[in-house]
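Heads up: the structure comes next, in structure tokens.
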Amino acid sequence: MRRSGLGRTRLAGLTCLAVVVAIAAMRSPLNSAPASTSAAPSRTGTPTLHAWIAGFQDYGARGSNPATTPSQDAANFDLIIDPTRQPDDASAAAVDQLHRQNPSLKYLVYANGCCDMGQDPTVFPESAYAHTASGNRIGGAGGAQLMNRRDATWFNSRATICQAWIQQYHFDGCFFDSFSYDWFMAGNGVPIDPVTHRAWTRTDYDARGQQMLAHVRSVIGSTKLIALNGLGNGRSYFAKNHAAMLPGTDMAMAEDWLTSPSTPVTSYESEADWLADINLAKDMATRGKYFIPTVKSWASGTQAQKDQLLKFATASFLLGANPSHAFLDFQNEHGLYGADQYYSAWNANIGAPSGTFSHTGSYYQRDYSRGKVVVNPTGSAVTIHLSHAYTTLGGRVVTTLTLAAHSGEVLTG
């Protein structure tokens, strides 16, 4: 994640340390227009898919050139994650008003799970900072300082700051960015575990993280939400046992789901990698956790290319996730607030899923009570013969559907 609400940009999330690439991506020119399926700028009806907005990933002063207002965001999104002191949450009264407007809204406040980002009122002792074997602190761009999860001051601060912000602003819970072991292992020195006097292991780091979340829970209570960022994507989730981060949280974010920010808009994952992303969404549903992925397409592309990716992401999300316990975020561009737009593709009401997805030949499908989703993750077109007439997002009534390579469709009927 890359945003703070203190009047200056700070970097967190990708990795507190490997952010040079992120900075380069932020400065690269973006020539693409928002996907045309965003023609309807607001949510209508009772859509099956729920969307979320990552307000902490705005790269400017939120509200300085807003594409949307807080009221519009509350109307469109059922999950908002923001730093404190933004126009949305300038006071408890402002947050209360958004909750009245959308009683389903889950409004979380941004904190950090690995680093001191300069938001904390706490003055940390030197023991609270992570150190290399030679005693050096481990820092990254934007002033981020990796912290020591063994230190009582840092450990306790995650709970106290969460509780303070909930009480002050009436948030529904806290979101801890950069929670994964992978954030700090990218470089800039290896942190030493003060207990073992060796480099932190993933197992020990995750175990201490669970203790931290349990302490947060004991302080804020069972009715408030705990969320974290650290799943990455399907490949990393299964290869690195990121499920070890889940027991103490209600929600978890996969920041590089289906694609990465700088990936060309015409470049898609292999079927195997895509399937890992779908199975990540399915596994989160099985565990009863809220799945909150972001699909980031910041590279330039034509309108048609962006539209194809958006529909592909939408159908893929509905293929694997439990839509009542998941929120999708599609970021087409990130130059100003409003980077997370609501898209008309998300207004389809296809009801509730009838079961899990199935695989037929070159395509995948999942039935819903009022429709179905179909996805072709392969490099070749496929023709699908449907059981009866369905209506596409574009309004076509079809009994046979040809899916281009790397495409998806949401069908009602």
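Can you list residues whose amide H is under 5 Å from V295's amide H, if they're 5+ apart or on another chain and H is modeled 1.01 Å from N?
Amide H neighbours of V295, under 5 Å, 5+ apart: D329, F330, Q331.
Let me know the shape class of region 75-168, please: from the alpha-carbon gyration tensor, a ≥ b ≥ c as square roots of the eigenvalues, rounded when a/c is under 1.5, otherwise prolate if a/b is greater than b/c, or oblate.
The shape class here is prolate.
Using a ≥ b ≥ c from the Cα gyration tensor of region 353-413 (square roots of the eigenvalues), is it rounded, prolate or oblate, where a/c under 1.5 gives rounded and otherwise the larger of a/b and b/c decides, a/b for prolate?
Here region 353-413 falls in the oblate category.
Of all accessible surface on region 148-270 at a 1.4 Å probe, what whole percent is carbon and sulfur?
52
Give me the orientation-averaged projected area of the Cα convex hull of region 270-372, in nm², one decimal.
7.3
Which whole-Hz couplings ³J(HN,Hα) result when phi for each residue of region 261-268 is put into the Karplus expression 6.51 cos²θ - 1.76 cosθ + 1.60, θ = phi - 60°, listed in order with x for Gly and Pro?
Once θ is set to phi - 60°, the couplings for region 261-268 become x, 8, 5, x, 5, 8, 9, 10 Hz.
Using the Karplus curve 6.51 cos²θ - 1.76 cosθ + 1.60 with θ = phi - 60°, work out ³J(HN,Hα) for each residue of region 101-115 in order, rounded to whole Hz, and write x for Gly and Pro.
Taking θ as phi minus 60°, the curve returns 5, 10, x, 8, 5, 10, 10, 10, 9, 7, 10, 9, x, 10, 9 Hz for region 101-115.
Students often forget the sequence filter, so: which lysines lie under 23 Å Cα-Cα from K224 once same-chain residues fewer than 8 apart are removed?
Candidates past the 8-residue exclusion: K106, K289.
Using label points projected 7 Å from each Cα along Cα→Cβ, tell me how many nm separate A92 and S222, to one decimal.
The two pseudo-label positions are separated by 2.4 nm.
Given H placed 1.01 Å from N in the peptide plane, which residues other than close sequence neighbours of L225 have an amide H under 5 Å from its amide H?
G173, C174
Show log10 I(q)/I(0) for region 157-299 at q = 0.10, 0.19 Å⁻¹, two decimals, from a solvent-free Debye sum over equal Cα scatterers.
Each listed q maps to, in turn, -0.39, -1.17.
Can you tell me the accessible area per residue over region 256-413, all protein chains present, probe 1.4 angstrom, in square angstrom?
35
Would you list which lysines come within 18 Å of K372, measuring only between C-alpha atoms, while excluding same-chain residues fewer than 8 positions from it?
Hits, sequence-local ones excluded: K282, K311.
Below 8 Å, C-alpha to C-alpha, sequence gap of six or more: please give me the relative contact order for region 148-274 in percent.
26
The values are calculated or read from the model by the stated rules, or taken from the named source; none is laboratory data. It should be emphasised that the depicted structure is a prediction, and the values quoted were computed from it without experimental measurement. Positions of Cβ are backbone-derived with ideal geometry, glycine not excepted, and every protein chain shown enters the neighbour counts. All accessible areas refer to the heavy atoms of the entire protein, side chains included, with ligands and DNA or RNA removed. Shrake-Rupley method; radii C 1.70, N 1.55, O 1.52, S 1.80 Å.
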